[in-house]
Every structure is written in structure tokens, then in C-alpha cells.
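Participant: To start, I am sharing the structure in question, which I have written as C-alpha cells.
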Amino acid sequence: MEWSAPGYTEIKQLGTGASGRVTLAVHDATGVRVAIKYLSARLLRDPSALARFQSEARLLTTLRDPNIATMWEYIQDDGGAAIVMELVNGVSLRALLRENGTTEVEAALVVLKGSLLGLARAHAMGLVHRDYKPENVLVRDDGVSKLVDFGIAVRQGSAAQPEGTPPYMAPELWQGGPASPATDVYAATAVFFECLTGHRPYRSTEPSVLGYQHLHAPVPFHDAPEPVRELVRRGLDKDPARRPDGALAFLTELEATARAAYGEDWEERGRRRLAALVALLALLLPTPQPPPETATSLARTVFRDLGSGARRVLGTNARRLAMGGAVSAVAAVAVAVVLVNRQPPEQPVGAAAAGPPSQVTTAAVSGPPAAEESRAPRPEAEPVSEPEPDTEPAGTPRAVPQNSPEPDRDPDPPGRDPRDDPPPPGTT
């Protein structure tokens with residue numbers, strides 16, 4: 001059996017790689033869900049790999065930022081080593097790109113902004129991530145992104161051996177030059193370009209060819225939408241001195257460009273787009289969200305958490321259904337009048353409307369008990385302007401009339417003499 005961190009109960013594995021695995025677990029003492037990153041047993045016996053893992057843990061204890069996944073605890077004993085981290089209920093940017101190809105411009109700008117905020121915190125502490133890529137960006141179900149995996153981060157100005165993910169490595173890394181904040185700006189721009197176009201700036205399966213492209217090939221900024229081409233051109237400049245001076249400076253340029261091209265509410269629209277893309281991959285979330293709650297009655301369906309456009313469509317359908325119900329009621333009255341003398345009236349039939357369940361369940365349920373509803377109150381439905389809501393609460397039986405008194409008839413209409421009527425049968 002694989003070693004597991006003491007004090008935690010593992011629920012399921014979220015991912016695996018050459019360096020180890022990541023699992024979803026619960027802290028036994030508090031019940032809090034966490035993500036645990038384990039170093040593989042093979043690397044545990046490698047002193048340099050273990051030292052790097054420990055260095056990442058020490059670094060993460062100093063990085064506290066809303067756009068960086070928070071580290072809670074480092075655990076190591078004879079059985080293994082693990083970093084316990086905040087559970088980000090989201091999917092990787094790589095998964096979104098694999099499923100959709102692109103994210104659209106405003107969503108790509110939101111991802112870039114969130115990443116630049118996280119990188120700016122690292123840069124302020126003198127650190128360079130060096131491995132920014134779609135796999136290391138997690139997008140939550142509300143559209144907010146978080147940066148993870150500082151496994152090969154170094155101090156600014158460090159000239160170590162070239163490391164990173166080749167499609168996103170800056171030219172200076174290919175040449176063995178020192179890492180700087182501009183190095184992360186280059187990688188973030190390459191990912192931004194991929195979100196916009198669906199492909200990387202430079203593509204080759206040969207590392208030597210890919211390195212040459214990063215060093216000498218023209219920047220393909222013309223492939224990006226026109227309003228953001230200058231961001232791509234500057235962020236992918238071959239010379240780190242001509243790129244924006246760190247993540248914070250690049251963020252200032254990004255926001256000015258986004259407001260000018262897409263308006264003041266560009267970020268809100270971008271987050272909604274990201275949230276919609278994550279919803280399409282809901283089964284990949286560590287803790288999948290329940291589907292939207294619904295309530296159904298004979299002539300009304302209310303979907304909670306929907307936009308105004310959907311509510312207008314539902315309102316129109318409700319009016320049509322109500323008109324159909326009215327026509328059916330008139331027809332029922334007419335039939336009842338015809339049959340009133342042929343058969344005794346039946347008991348009124350009630351149309352019981354089912355109230356929304358307090359929680360999703362897979363078992364067949366005849367009706368939720370009152371105790372269940374009191375423990376889990378339902379959220380209030382959003383108001384619908386038209387048609388007007390029923391005054392009766394959902395679930396109130398509505399009687400369908402079975403018969404109706406015939407209208408009064410004038411026994412002697414004007415202009416008719418009762419003596420002209422033929423005698424009734426059997427009279428003389």
C-alpha cells in the first residue's frame with residue numbers, strides 16, 4: 001500500500017505524474033477537505049529531489065495570496081513526504097483548453113490577470129516561478145483562477161541549468177541565462193496566446209527546433225485578436241529587457257487594454273464565461289456541485305439560478321401553458337353539462353403541485369417529510385415579472401369543476417303563445 005499522510009483520510013486520487021500524486025483527503029480532526037501532494041517513493045530516496053520538495057514547502061509557507069493555492073502543512077517521516085494544501089474546487093486550464101480549444105478573449109484576459117496577480121506576489125518576494133503553464137493554473141467553478149506548483153521556483157537572478165516546460169520557456173532559459181520576473185511574463189503570455197488561438201506560439205516535437213523558434217522565430221502576434229496583439233507582442237519579446245518589467249507592470253497594461261477594447265465590465269463577463277466552461281467539466285471537479293434546484297407544478301416550472309433571458313422564455317411558455325389549461329377547463333365544463341343527467345358527478349380531482357426537494361436524492365421518494373424541509377430550507381426563487389405568480393402556495397389542490405348549473409331560461413319568451421305548444425305525450 002502507498003504511504004498516506006497521518007491524520008488524514010484519503011477520498012480519491014486527483015492526479016498523478018512522474019514526481020508523485022495528488023489526492024483529495026479529509027483532515028480527521030476537523031473534517032476539512034484538502035489536497036495532498038505526495039512525493040513519489042522513488043524520488044523519496046533521491047536526496048536532491050527530496051531537498052527540492054522540502055524547498056517548495058518552505059517557499060509556499062511564505063506565499064499567501066488569493067491567486068495562489070495556500071499550503072497548510074508539510075509532513076515527512078520514514079514512509080514518505082507530503083505537502084497538504086488548500087483544496088481548489090476547479091479544473092486545470094489545460095482541461096478547459098483540451099475540451100474547448102479556446103476560452104474567448106475576455107475569459108483569457110481574466111486568466112492572465114489572475115495569474116499575474118499570483119506571480120506579482122512571488123516577484124515581490126524575489127522569486128521566479130519558472131514553470132507557468134496551463135497544467136499549473138486551476139480555474140474554480142466561479143471563474144477565479146489559482147496558481148499552483150512552485151516546485152522549480154528560484155531566486156531572481158539565479159543562473160541554474162535550463163528547466164521548465166519547453167513550449168513556454170523564455171529565450172533566456174534556453175540560453176542558460178538568469179531567471180527574472182520577465183521570464184514568468186513570457187510564459188504567462190505564451191499561455192494567454194494559447195487561450196486566444198487554441199495553439200501555442202511555437203510548435204515542434206523536436207526540443208532543438210522548439211528552442212530555435214523561441215530564440216529566433218518572429219512573434220506570431222497577428223494570430224491574436226487585434227485589440228490584444230500589442231500585449232502578445234510585448235509579452236513574447238525575445239529580449240527580456242523589452243518585456244513589461246514584471247507581472248505587476250504587465251497587469252497595468254492588461255487592464256488598460258481590456259477596458260479600452262471591451263468596456264468596464266469585461267472582467268465580469270470573462271469570469272462568467274470561465275464558470276460556464278468549468279460547468280461543462282463538472283464531473284472533473286474534486287467535489288462536484290449539485291444540479292440547479294427545480295420546482296414543478298401542473299402549469300408552472302421554476303428553474304432557480306437562471307438568467308433573465310431564460311426567465312423570459314420560461315414566462316412565455318408559462319403563459320402558453322396557462323392558456324391551454326383555461327381552454328381545457330372550458331371544455332371540461334361543457335362536457336360536464338352534457339353528461340350531468342347521465343351519470344352522478346365524481347369527486348373533484350385535485351392537481352397536486354410538487355414542491356422543490358430540499359436535497360438531490362437518487363432514491364424514489366413519495367414526498368419529502370416536513371422535518372426534512374425544516375432542516376434544509378429552500379432558497380427563495382428569483383422573481384418573475386410575468387405572468388403574475390399564483391397567490392396559492394405550491395402544492396395546494398385546485399378543484400376542477402365537474403358540473404355547472406344551467407343558465408336560467410325564460411319559460412315564455414316574448415312573441416310566443418304558450419297555447420300554441422303541442423300537448424305533451426300521453427295527454428289529450
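Participant: Inside the range 224-271, can you point out the residues that are touching a Ser or Thr at 6+ places or on another chain (Cβ under 7 Å) and under 21 Å from Pro167 (Cβ atoms)?
Facilitator: Ala224, Val228, Leu231, Val232, Gly235, Leu236, Pro240
Participant: Consider Arg140 against the criteria (1) of a type outside the set (S, T, N, Q); (2) surrounded by fewer than 18 Cβ atoms within 10 Å (Cβ to Cβ); (3) more than 24 Å from Leu210 (Cβ to Cβ); (4) touching a helix residue (DSSP H, G or I) at 6+ places or on another chain (Cβ under 8 Å): it satisfies all of them except one. Which criterion is unmet?
Facilitator: If we test Arg140 against (1) of a type outside the set (S, T, N, Q); (2) surrounded by fewer than 18 Cβ atoms within 10 Å (Cβ to Cβ); (3) more than 24 Å from Leu210 (Cβ to Cβ); (4) touching a helix residue (DSSP H, G or I) at 6+ places or on another chain (Cβ under 8 Å), just (2) comes out false.
Participant: Also: Working only within the range 20-43, note down all residues that are of a type outside the set (Val, Ile, Thr) and in contact with a Leu (Cβ under 6 Å, 6 or more places away or on another chain). Talk me through it step by step, then tell me what you get.
Facilitator: Residues of the range 20-43 that are of a type outside the set (Val, Ile, Thr), as a first pass: 20-21, 24-25, 27-29, 31, 33, 35, 37-43.
Those that are of a type outside the set (Val, Ile, Thr) and in contact with a Leu (Cβ under 6 Å, 6 or more places away or on another chain): Gly20, Leu24, Arg33, Ala35.
Participant: Then there is this: Output the residue which, of all residues in the range 27-60 that are surrounded by 13 or more Cβ atoms within 10 Å (Cβ to Cβ) and polar (S, T, N, Q), is modelled with the lowest pLDDT.
Facilitator: That would be Ser55.
Participant: Could you give me the residue pairs with C-beta distances under 7 Å whose first residue belongs to the range 221-239 and is in contact (Cβ under 8 Å) with a residue 12 or more places away in the chain, whose second residue is among the charged types (D, E, K, R) wherever it lies, and which are 6+ apart or on separate chains?
Facilitator: Phe221/Arg229; Phe221/Arg233; Leu231/Glu253; Arg234/Arg243; Gly235/Arg243; Asp237/Arg243
Participant: Moving on to the next point. Test each condition in (1) touching a strand residue (DSSP E or B) at 6+ places or on another chain (Cβ under 9 Å); (2) more than 25 Å from Phe150 (Cβ to Cβ); (3) among the hydrophobic types (A, V, I, L, M, F, W, C) for Ala217 and report the one that comes out false.
Facilitator: (1)
Participant: To continue, here is another question. Looking only at the range 261-277, filter to residues that are among the acidic types (Asp, Glu) and without any contact (Cβ under 8 Å) to a residue 60 or more places away in the chain; which one of those is farthest from Gly143 (Cα to Cα)? Break it down stepwise before answering.
Facilitator: Step one: of the range 261-277, the residues among the acidic types (Asp, Glu) are 264-265, 267-268.
Then keep just the ones that are without any contact (Cβ under 8 Å) to a residue 60 or more places away in the chain; that gives 264-265, 268.
Working: Glu264: 18, Asp265: 15, Glu268: 9 Å.
The residue in question is Glu264.
Participant: Would you kindly identify the helices (runs of 4 or more DSSP H) lying entirely within the range 78-193 that contain at least 3 residues that are assigned by TED's automatic domain parsing to the domain that holds Phe221 and over 29 Å from Asp239 (Cβ atoms)?
Facilitator: Working: elements: 93-100, 105-124, 171-174.
Output list reads 93-100.
Participant: How many of the residues in the range 244-260 are in contact (Cβ under 8 Å) with a residue 40 or more places away in the chain, of a type in the set (A, V, I, L, M, F, W, C) and farther than 15 Å from Asn67 by Cβ?
Facilitator: The qualifying residues number 1.
Participant: Here's another thing I want to ask about it. Are any residues in the range 210-248 surrounded by 18 or more Cβ atoms within 10 Å (Cβ to Cβ) and of a type in the set (Gly, Ala, Ser), and if so, which ones?
Facilitator: Selection gives Gly211, Ala224, Gly235, Gly246, Ala247.
Participant: Taking the condition of being in contact with a helix residue (DSSP H, G or I) (Cβ under 6 Å, 6 or more places away or on another chain), of a type in the set (A, V, I, L, M, F, W, C) and free of Cβ contacts under 8 Å to residues at least 40 places away in the same chain, how many residues in the range 187-220 meet it?
Facilitator: 1
Participant: While we're here: Mind listing just one residue for me: the one in the range 1-26 that is closer than 18 Å to Thr70 by Cβ and under 25 Å from the mean Cα position of the chain (by Cα) and, of those, surrounded by the fewest Cβ atoms within 10 Å (Cβ to Cβ)?
Facilitator: Val26
The values are calculated or read from the model by the stated rules, or taken from the named source; none is laboratory data. Because the structure is a prediction, the values reported are computed rather than measured. Cβ coordinates were reconstructed from backbone atoms using ideal geometry, including for glycine residues, and neighbour counts include every protein chain displayed.
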